[in-house]
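Working notes, structure below.
The values are calculated or read from the model by the stated rules, or taken from the named source; none is laboratory data. This is a predicted model, so every value here is computed, not measured. Here the Cβ is made from the backbone with ideal geometry for all residues, glycine too, and neighbour counts use every protein chain on show. Remember, those area values only see protein heavy atoms, side chains included, never the ligands or the DNA or RNA. Shrake-Rupley method; radii C 1.70, N 1.55, O 1.52, S 1.80 Å.
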Amino acid sequence: MRILFVEDEPRLSEALTYILKKNNYGVDTAYDGETGQAMAETGVYDLIILDRMLPRKEGVALLKELRSQGIHTPVLLLTAKDSLQDRIEGLDAGADDYLIKPFSTEELLARLRALGRRPSGQIQDEQLNVAGLILNPLHCELTQGNKTVKLTLKESLLLGLFMRNAGQVITKEQILDRVWGPDTDVETNNVEIYVHYLRKKLNSSNVRIETVRGIGYFLKEELNVP
Ligand code: CA
């Protein structure tokens, strides 16, 4: 497992790198956003630990650029802030998980183990079509009519799960298991955030994500389209 660690505080970087190496991870470090981005763009890393506040390019902007280039390496975002807005911003930019500073090394290692496992909802090279809504999971592209939009990897995995099970209720726990992996520490409110974003991207289609209160969601085809 090869990790790219982008962090500008030298003492934190050194201390964590030491711990990661002791836990048998291969680690490369970058101390600013531009260098981190150039290294991440090589695509050789299995995981990226990304600090939010970085010189030369901040973490969320870096992450957005990586995702827009189709680089879907799992990213654990390190952040000193904890507000819902920050959380949404980070997840929407394509982070797979985040840790609030300061954190314990045990917690970091647990998150890395979870991120390093392949979720069972891994990308499949098949095009999905429900009522004219077409998802290309390999490229995370959603086509509605003559409009194609890019999805984040998690959005694509989530929509793929809904489309394969159209009409069937899927619980939030099943979604966490299939999209984030069986051992994830991610909470169900992240599912709600992703559903919120998917709905925004789906609003011109014949397909809706319906909520089943207290249980989960299902994908519904609109039969009477004007
Ligand atoms: Ca920093």
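Residues are listed down the side, and each one gets a yes or a no for (1) in contact (Cβ under 8 Å) with a residue 24 or more places away in the chain; (2) assigned to a strand (DSSP E or B); (3) surrounded by 19 or more Cβ atoms within 10 Å (Cβ to Cβ); (4) not aromatic (Phe, Trp, Tyr):
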| residue | (1), (2), (3), (4) |
| --- | --- |
| Phe5 | yes, yes, yes, no |
| Leu16 | yes, no, yes, yes |
| Asp28 | yes, yes, no, yes |
| Glu34 | no, no, no, yes |
| Ile48 | yes, yes, yes, yes |
| Lys57 | yes, no, no, yes |
| Val60 | yes, no, yes, yes |
| Leu63 | yes, no, yes, yes |
Inset, instruction - State the number of residues belonging to the range 10-33 that are modelled with pLDDT of 95 or more and acidic (Asp, Glu). - result: 2
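How about the range 65-89: which of its residues are open to solvent by less than 20 Å² (accessible area, probe 1.4 Å) and either part of a strand (DSSP E or B) or within 14 Å of the ligand (Cβ to nearest atom) (or both)? So that I can check it myself, show each step before the final result.
The initial filter retains those residues of the range 65-89 that are open to solvent by less than 20 Å² (accessible area, probe 1.4 Å), namely 66, 73, 75-79.
Across the range 65-89, the qualifying residues are Val75, Leu76, Leu77, Leu78, Thr79.
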Legend entry - Residue within the range 214-223 that is within 17 Å of the chain's Cα centre (by Cα) and open to solvent by less than 50 Å² (accessible area, probe 1.4 Å) present: no
Legend entry - Selection from the range 77-114 of residues that are in contact with a strand residue (DSSP E or B) (Cβ under 6 Å, 6 or more places away or on another chain) and either within 24 Å of His139 (Cβ to Cβ) or not assigned by TED's automatic domain parsing to the domain that holds Asn24 (or both): Leu77, Gly90, Ala95, Asp96, Asp97
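So, restricting to strands (runs of 3 or more DSSP E) that lie completely within the range 146-226, which ones have at least 1 residues that are in contact with a helix residue (DSSP H, G or I) (Cβ under 6 Å, 6 or more places away or on another chain) and farther than 16 Å from Ile134 by Cβ?
On the way: elements: 147-150, 207-212, 216-221.
Passing ranges, in order: 207-212, 216-221.
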